[in-house]
Amino acid sequence: MKFGIMASHQYRHGEDLGRHLSDLFGTVELAAELGYDSVWTINHFQSNLNTPQPISMTASLIPRSGDMLIGTGILLLPMFHPVHIAEEFATLDHLSGGRVVLGVGAGYRDNEFAAFGIDPETRFRRLDESLRLIRALWGGGPVTTDGEFYPQTDATIGVRPLTPGGPPIWIGAGGKKAVRRAARLGDAWYAPGNSPSRRFLPEHLAVYNDALAEYGRDPGSVSRPVGVELYCAPSTERAVEEALPHARVEYSTYAEYPALRWQRDRFDELVRNTLLLGSPEFLIERISALRDLGFDHLIFRPGWLGMPTDQVRASLRLFASEVFPAFRQ
């Protein structure tokens, strides 16, 4: 089992962004020292939170992340031109020595699509076409396509990736059709572990595995990442006391967007079924259940809006010292 952290570079407007980023960089350096396996940046536009952009953030983490994988978790691919992303991530592949992962999704916020003049009904077609074009460009040869959105004639990119065929592509997806797309076009399905339904992950894993078999791919050959919310303290009571107020504030902020209003209305279900706030023993039990489902890379947000940096780092240290050994030989 591998363990990674979300860089989670979202802050309240008006706060000192430089101080926040300095704290974040120190936390990433600590995670590298503690033996975490990956770190992930996020992407939103015109957000109700101060959200630095993922390509710049990914580049800034390369010298601070040791030998961890560095990825976008996730980049809103329909908002970008695929030629741009092919060149940017080929560049990041070189800068990182082959440690970068392109994590993508289709997006869900209406204001973001409006900002770019994109019909949200086209987002999945854009995602499909973009992924096919990026992979073709990373392959090296001239590319000619008559795509609906991004037609190309004898196109090549100026920066070829260091990794043969290009960096891995992970696809974030919540709907069953989107999960099938991840099996068809991605190197991994980046599963969202924050559904309030206990049935979500088993049911969608079955869809994913069936789709892998349908597309002739070995289910044992793919990475199995899942994103969760996690905080570790000496006791479960203390973990809940320290983390829950901050998680509630952050989720209420997300719920200002209509597509995520359920996160406010069903927050108590999220707490019971999803938020992993607890002692090392509690977390070992919950993570073991995810491992038994087949997941092999747990990625979590180590802190939420307003949480003091020393608490975030204490959680990371305790998790590394007490939970890692249960999942690593």
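If the condition is being touching a residue at least 60 places away in the same chain (Cβ under 8 Å), surrounded by fewer than 23 Cβ atoms within 10 Å (Cβ to Cβ) and more than 28 Å from Asn111 (Cα to Cα), then segment 34-68 contributes Leu34, Gly35, Asp37, Ser38. For Leu76, the conditions (1) more than 23 Å from Gln152 (Cα to Cα); (2) crowded, with 22+ Cβ neighbours inside 10 Å all hold with the exception of (1).
Only residues that are farther than 17 Å from Ala188 by Cα and open to solvent by 20 Å² or more (accessible area, probe 1.4 Å) were counted across segment 277-306, and they come to 10.
Listed residues Pro196, Pro202; which is in a loop (DSSP other than H, G, I, E, B) and either under 20 Å from the mean Cα position of the chain (by Cα) or of a type in the set (Asp, Glu) (or both)? Don't jump to the end; show me each part of the working.
On the way: Pro202 fails: in a loop (DSSP other than H, G, I, E, B).
Going through Pro196, Pro202 in turn, the sole match is Pro196.
The criterion of at least 2 residues that are within 24 Å of Leu95 (Cα to Cα) and open to solvent by less than 50 Å² (accessible area, probe 1.4 Å) is met, among strands (runs of 3 or more DSSP E) falling completely within segment 105-175, by 169-172. Val226: in contact with a Lys or Arg (Cβ under 7 Å, 6 or more places away or on another chain) and either touching a residue at least 40 places away in the same chain (Cβ under 8 Å) or surrounded by fewer than 21 Cβ atoms within 10 Å (Cβ to Cβ) (or both), yes or no? So Val226 does not fit the description; no. Answer yes or no as to whether Arg180 is basic (Lys, Arg), assigned to a loop (DSSP other than H, G, I, E, B) and open to solvent by 20 Å² or more (accessible area, probe 1.4 Å). Taking the combined requirement at face value, the residue does not satisfy it.
At least 2 residues that are modelled with pLDDT under 90 and more than 20 Å from the chain's Cα centre (by Cα) in each: list the helices (runs of 4 or more DSSP H) lying fully within segment 260-328 that qualify. Show your work before the answer.
On the way: elements: 262-265, 267-273, 280-293, 309-322, 324-327.
By residue number, 262-265, 267-273.
A single member of Leu30, Leu17 is within 16 Å of Arg301 (Cα to Cα) and at pLDDT 95 or above, and it is Leu30.
The values are calculated or read from the model by the stated rules, or taken from the named source; none is laboratory data. Small disclaimer: the values here were computed from a predicted structure and weren't measured. So basically every Cβ, Gly included, is an ideal-geometry build from the backbone, and we count neighbours across all protein chains shown. Note: accessible area is taken over every heavy atom of the protein model, side chains too, but ligands, DNA and RNA are not part of it. Shrake-Rupley method; radii C 1.70, N 1.55, O 1.52, S 1.80 Å.
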